[in-house]
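Participant: Questions regarding the structure given below will be posed in turn.
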Amino acid sequence: QKSDELIQYCKTNAISEDTFNHTYAHTVCKILCFRRQFISIIATLCCRHTVNQDFVRNHGIIEILLNMTKIDPFTMFLQQWSIFAIKHITENHQTNQCYIMEIKAQKVIQDEHMKKMGIQVTYDEISGKLTTKQTGPTASKE
């Protein structure tokens, strides 16, 4: 919602995307780097600390970290820090390991990267399987 307002503001005031990016690049970079710093703090706090490991599971932080394991072109090493945090959250903690194994996909969100690569992913709610299909001439595979 805020991003839509920002886009409208730029259009109304005839601010080009290049001008906006050049003007606010440093600020945007700082904001994106905060995510990586928060994840590194979570990873450190959960290292061999059962109470903190339980806290992240009980407050939905594991799902957020799993979501951040995708490649983010704007935040260098976000994926690696997320994996590192998940390692510390699950290390010597059987409950968290089982919790992650029990997480099931709910839906597939097609993004522009998948479209550019010519991949379509579908989720079968009955079987719980993800299926990928090339949108080009090749056949589908599981």
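The values are calculated or read from the model by the stated rules, or taken from the named source; none is laboratory data. Not measured: the values here are computed from a predicted model. No Cβ is skipped: glycine too gets one built from the backbone with ideal geometry, and neighbour counts run over all protein chains shown. These accessible areas exclude ligands, DNA and RNA; they are computed on the full protein's heavy atoms, side chains included. Shrake-Rupley method; radii C 1.70, N 1.55, O 1.52, S 1.80 Å.
Participant: Considering only residues that are farther than 14 Å from R35 by Cα, open to solvent by less than 50 Å² (accessible area, probe 1.4 Å) and in contact (Cβ under 8 Å) with a residue 40 or more places away in the chain, which ones fall in the range 63-90?
Facilitator: Result: H88, I89.
Participant: Still on this structure: Going by the conditions given, is A14 at pLDDT 80 or above and on the phi > 0 side of the Ramachandran plot? Lay out the reasoning, then the answer.
Facilitator: Working: at pLDDT 80 or above: yes; on the phi > 0 side of the Ramachandran plot: yes.
Judged against the criteria, A14 is a match.
Participant: For the range 1-48, enumerate the residues that are surrounded by fewer than 14 Cβ atoms within 10 Å (Cβ to Cβ), under 20 Å from the mean Cα position of the chain (by Cα) and among the small types (G, A, S).
Facilitator: S3
Participant: Determine which member of the set V56, V51 is at pLDDT 85 or above, among the hydrophobic types (A, V, I, L, M, F, W, C) and surrounded by 15 or more Cβ atoms within 10 Å (Cβ to Cβ).
Facilitator: Values: V51 fails: surrounded by 15 or more Cβ atoms within 10 Å (Cβ to Cβ).
Matching residue, one of V56, V51: V56.
Participant: Quick one: count up the residues across the range 96-137 that are open to solvent by 50 Å² or more (accessible area, probe 1.4 Å) and closer than 27 Å to Q53 by Cβ.
Facilitator: 7
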